[in-house]
Every structure is written in structure tokens, then in C-alpha cells.
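Right, one structure below, let's go through it.
What follows draws every value from the coordinates through simple rules; no lab data is involved. Keep in mind the model is a prediction, meaning the values are calculated, not measured. Note that we place each Cβ from the backbone using ideal geometry, even for glycine, and neighbour counts take in every protein chain shown.
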Amino acid sequence: MYQSIFPRNNQLWKEILANIKQITEIRIRANKPILIYTNQKELSIDKEGNLIYVPEKGKIFSYPELQQLLDFWCQDSRYAFQNEIKRGFLTIEGGHRIGICGEVVADESGNVQSIKYISTVNIRIAHEIKGVADKIMEYIFINKQIRNTLLISAPGAGKTTLLRDIIRQLSNGYGGNRGVNVGLVDERGEIGACFQGIPQLDVGIRTDILDNCKKAEGMSRLLRTMTPAVIAVDELGSAEEIELMQQMSGNGCAVIATIHGNSIEEVKQKKMLKEIWEHQIFSNIIFLFRNQSYFCMELYCEGEVKLCCRC
């Protein structure tokens, strides 16, 4: 799944690819050193492609070299990828997501039409951890019923990874329960990480994905056309999305969702999310956080702490 990140015949990337499973991001800025991030370190590479621990001494990556990489990712046809480029990212084979910065081209109304003179890319390496949801599935799948579940965490604490594994297990079946149809609205393309419409990460055999679709529009479409037993979305926010979730709960469709927050109390204070708590849409609340080098989670079921563990 990593072969699409860099050209195979270029020795510069050889050591990066050999250590890619430990890498989370690779930031390449025109005429700056390449920066490589693991969970705990910031690295770079020298001119021969060796990993080094002093980023300031890393190889300077030129603007033309960056353009060659972009052409490689776009299969020598940037025009075919214009819709993705104007949204500020590419998703390549393997599910890796490449953020893009450069000069924005906008129309008279300020709507972004494209990005030209691309000078920065951020390669986010796609990782999936199967089984990370094992400890909580018994609280989600109870008596053959799926409980509405909300995942809360700050960025980088693992909520998307956990959501993906919940979806996979609901879709494939868990603990003697047969799998169910899952509708996934993947607005930012990070859960299934679709490439040309096909998920590159495992979201289960009974999962239908609307990729790069607005959440409210996607939820409505899935309800009308795909009869899902559960709908999953990442990063809730709008009043329209919350209203739709209320409708789904009333129609027997379960919801699995995530939201940004440094604590449960912080999320409760957000005015836009007030109805979540007033109408008790979610039976399960899972809070994820990082404790030194470990990722941890707390699970609250109908207000009571049921689980606190590393994940």
C-alpha cells in the first residue's frame, strides 16, 4: 500500500519507504529541508536518502523536484485531478492523503477554483489498526441492537482510526452478531481513503461510501437510497447534521460519529451541539486522549463510566 507514495526507481526515498510504518507525516516545502514525523520524532533525509536526526541539515528539496512529485501523483495529468486540487488535497493509491498549499485561484465570489504554483505538500501516511475497537464493541452491539455512539478527542488522538474499526466490525459482524449495512459519509476522504471510488482501507464488506460528500447531504441520500442499519460520519458540527441524526434515531437507524474536543465538558459547552445532550441522542460517549506515549479511552454508557483503558 506504500508503493504509490514515491517513484520506485528513485533511491532518495528508499530508506523512508523501509521505515514507512513508523512514519505519520512527510512535509515537503519547496527550497526547504524535507521533514519526516513519527509519533515522537522529527527527522529529515540527507542527499543520499539516509534518515538524519538534525532536520536543519536535511536535503533541500527544490521547486522543480516538487513539481515532478506532483506529476507522479497525478499520473502526469493534473487536469484530471483539478477537483481534488482545488479542495486542497489529493488521495493516492493506498489511501495516503496529500495536503497542498500554493497560490489560490478564486472567482469573483471568492470560491476557490484551483491552486497553482504548489509549493508545499504534506503526505499523511494511511495507517489502519484492526482490532483497536475490540474492547468497546460489546457496549456498541448490545442485544442485537446498535447503540448511538459519539467519539470525542483532540486532533491526533485516534478517533478516526477507532471509528474506522468500529465501522469494519459492524459491517463484517461481531461476537456472533451478523454484520449490518453501514452507510459511511466520508466528507474528507479519511475513513475509507477512497482512490478512484474504491476504499483503500478496510471498512467492511457491507459498507457503502459517499466519498467527499457533505455530511448532511450524504446522510439524507443514504437514508433515501441505501437502507442502512447505521450511518457513520466524522467530525459533526452543523445544526442540520444534528437534526438529521434525530430523524435517523426515530427511524431506527443508528449513528456512529466523531467530534473534536479536548474534554466532554468542552463539547457540552458548544451551543451548536446543545441538542445532542438535551435530546440524549447518544447512549455511548467515548473520550480519547493521549497520556504520555499511550493513547487512552474512557467509555461512558448512559452517563456511567463503563471502561477506561489503553487503546
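Computed values, structure above
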quantity: Rounded to the nearest 20 debye, dipole of region 137-310 from Cβ charges on Lys, Arg, Asp, Glu; calculated: 280 debye
quantity: Isotropic mean projected area of the C-alpha convex hull, region 11-124 (nm²); calculated: 7.6 nm²
quantity: Phi to ³J(HN,Hα) by Karplus 6.51 cos²θ - 1.76 cosθ + 1.60 over region 93-101, Hz, x for Gly, Pro; calculated: 3, x, x, 6, 10, 10, x, 10, 10
quantity: Per DSSP, loop GluC sites (Glu not before Pro) in region 17-123 with at most 14 further Cβ within 10 Å; calculated: Glu48, Glu108
quantity: Antiparallel DSSP beta bridges within region 255-311, as percent of all bridges there, nearest 5; calculated: 100 percent
quantity: 5 angstrom amide H check on Ile142, placed H, neighbours 5+ away; calculated: Arg147
quantity: Amide N of region 237-266 lying under 11 Å from the label point, which is placed 7 angstrom from the Cα of Asp208 along Cα→Cβ; calculated: none
quantity: Proxy reagent accessibility, fewest Cβ within 10 Å first, across Cys253, Cys74; calculated: Cys74, Cys253
quantity: Kirkwood hydrodynamic radius of the chain, from inverse mean 1/r over distinct Cα pairs, in Å; calculated: 20.9 Å
quantity: Residues Lys14 and Ala154, FRET efficiency given R0 of 51 Å [Cβ-Cβ distance, rounded to 0.05]; calculated: 0.90
quantity: Cα centroid of region 105-143 to Cα centroid of region 263-311, whole Å; calculated: 21 Å
quantity: Loop sites in region 41-123: chymotrypsin sites (Phe, Trp or Tyr not before Pro), DSSP, at most 12 other Cβ within 10 Å; calculated: Tyr53
quantity: Cα-based reach from Lys14 at 17 Å (exclusive), listing aspartates and glutamates while leaving out same-chain residues under 8 positions away; calculated: Glu25, Asp46, Glu48, Glu65
quantity: Extension gain from Leu51 to Asn111, taking 0.36 nm per residue of separation minus the Cα-Cα distance; calculated: 17.6 nm
quantity: Cleavage-rule hits (trypsin sites (Lys or Arg not before Pro)) in region 135-186: DSSP loop, at most 11 neighbouring Cβ within 10 angstrom; calculated: Lys144
quantity: Antiparallel %, DSSP beta bridges [both residues in the chain], to 5; calculated: 65 percent
quantity: Among Lys21, Lys215, Lys271, residue whose mean-square fluctuation peaks in a GNM of the chain (springs only between Cα atoms under 10 Å); calculated: Lys271
